[in-house]
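We did not get these values from a lab; they are worked out from the coordinates using the rules stated. Source: prediction; values computed, not measured. Cβ: placed from backbone, ideal geometry, glycine included. Neighbour counts: every protein chain shown.
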Amino acid sequence: MKKVMRGKFITFEGPEGGGKTTQARRLVETLEGLGREVIYTREPGGTPTGEAIRGILQYNTAGEPVCPETEVLLFAASRAQLVRHVILPALERGCWVVSDRFADSTTAYQGYGRGFPVESMLTINAFAISEAVPDITFLLDIDIGLGFERLAERHRQTNTAKDRIEQEERAFHERVRQGYLQLAERWPERFRRLDAARSPDEVAAEVWSILEGFTNITG
Ligand code: TMP
């Protein structure tokens with residue numbers, strides 16, 4: 001039987017301010033430095049359709065409030081497009097994919113955060129992602145107060161405003177964090193929880209040592 005060449009699929013997840021984007025980009029640079037073919041994607045977004053959806057979800061670019069049910073389905077729609085147009089074709093040709101958020105964000109934010117049934121979120125995710133299940137998911141876990149401080153600093157530096165979901169009350173974000181911790185307990189083979197209160201260098205070093213133990217990265 002023909003062996004299917006498959007790249008690795010790595011996702012970064014967690015509450016706001018945990019440094020997911022920094023870590024995902026650093027990992028991509030490191031892998032590229034080793035000569036691996038690797039792509040960075042982000043959610044929502046990563047395709048023209050997904051980026052249009054991102055505008056609606058984050059800044060109400062359609063000009064009307066997004067109801068919670070629509071929010072779930074738009075995140076899933078962006079994901080379905082990203083999986084079929086970018087992630088699966090890349091994995092199938094042996095390219096590695098590093099994604100800044102993925103399906104676990106819907107379970108954590110819309111399931112645990114908004115209060116939709118978690119099992120329904122998992123069903124919707126399964127439909128959206130097909131066989132694109134991450135090989136490993138780094139949960140950058142952070143105290144919500146500290147995450148908010150980092151977020152505020154970033155918005156100050158970049159002169160940007162909090163988006164629609166970042167503006168949710170603290171209790172919402174606490175539920176999201178607890179939700180992520182439950183997901184990590186439910187799928188311990190896939191999830192690695194990292195203490196994201198540490199410096200980016202320390203977190204990146206742990207990401208790398210976990211990956212080295214997990215797969216023959218340099219081979
Ligand atoms: P970020 O990529 O800058 O963190 O912004 C994405 C925002 O969207 C963030 O607040 C988390 C939220 N989100 C969800 O609520 N559900 C999802 O499925 C995804 C991918 C993101």
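Which helices, counted as full DSSP H runs in the chain, have an axial Cα extent of no less than 15 Å and a Kyte-Doolittle average of -0.5 or above?
Working: long enough: 20-33 (20 Å, -0.88); 48-59 (16 Å, -0.11); 68-82 (21 Å, 0.38); 118-129 (16 Å, 1.40); 144-158 (21 Å, -0.80); 170-186 (24 Å, -1.10); 200-214 (21 Å, 0.36).
What comes out of the filter, once short or polar helices are dropped, is 48-59, 68-82, 118-129, 200-214.
Given a Förster radius of 22 Å and the C-beta distance between ASN60 and ARG25 as r, what FRET efficiency does 1/(1 + (r/R0)^6) yield to the nearest 0.05?
0.20
Where a ≥ b ≥ c are the square roots of the eigenvalues of the C-alpha gyration tensor, would you call segment 134-219 rounded, which needs a/c under 1.5, or, failing that, prolate if a/b is larger than b/c, or oblate? Oblate, because a/c is 1.5 or more while a/b does not exceed b/c. Projecting the Cα atoms of ILE210, GLN58, ILE165 onto the dipole axis of the chain, where Lys and Arg carry +1 and Asp and Glu carry -1 at the beta carbon, places ILE210 farthest toward the positive end. For the chain, the antiparallel share of DSSP beta bridges with both residues in that region comes to about 0%. Need one word for segment 9-214: rounded, prolate or oblate. Basis is the Cα gyration tensor (sqrt eigenvalues a ≥ b ≥ c); a/c below 1.5 gives rounded, then a/b vs b/c decides. Because its axes are fairly even, with a/c under 1.5, segment 9-214 counts as rounded. Residues whose amide H falls under 5 Å from that of THR41, counting only those 5 or more places apart or on a different chain, are VAL98, SER99, ASP100, with hydrogens built in the peptide plane. Positive contributions from Lys and Arg (+1) and negative ones from Asp and Glu (-1), summed over other residues with Cβ under 10 Å from the Cβ of GLY94, come out at +2.
Given DSSP loops and a limit of at most 11 other Cβ atoms within 10 Å, what is the longest stretch of the chain that contains no such trypsin sites (Lys or Arg not before Pro)?
94-219
Selection among PRO48, LEU73, VAL133 by position relative to the dipole of segment 22-137 gives PRO48 as farthest towards the positive end (Cβ unit charges, Cα centre).
Calculate for the chain the 222 nm mean residue ellipticity that helices alone would give, adding -39,500 (n - 2.57) per DSSP H run of length 4 or more and normalising by residue count, nearest 500 deg cm²/dmol.
Taken over the chain, the calculation gives -15000 deg cm²/dmol.
Given +1 at the Cβ of Lys and Arg, -1 at the Cβ of Asp and Glu and no other charges, the dipole of segment 9-214 around its Cα centre is 240 debye to the nearest 20.
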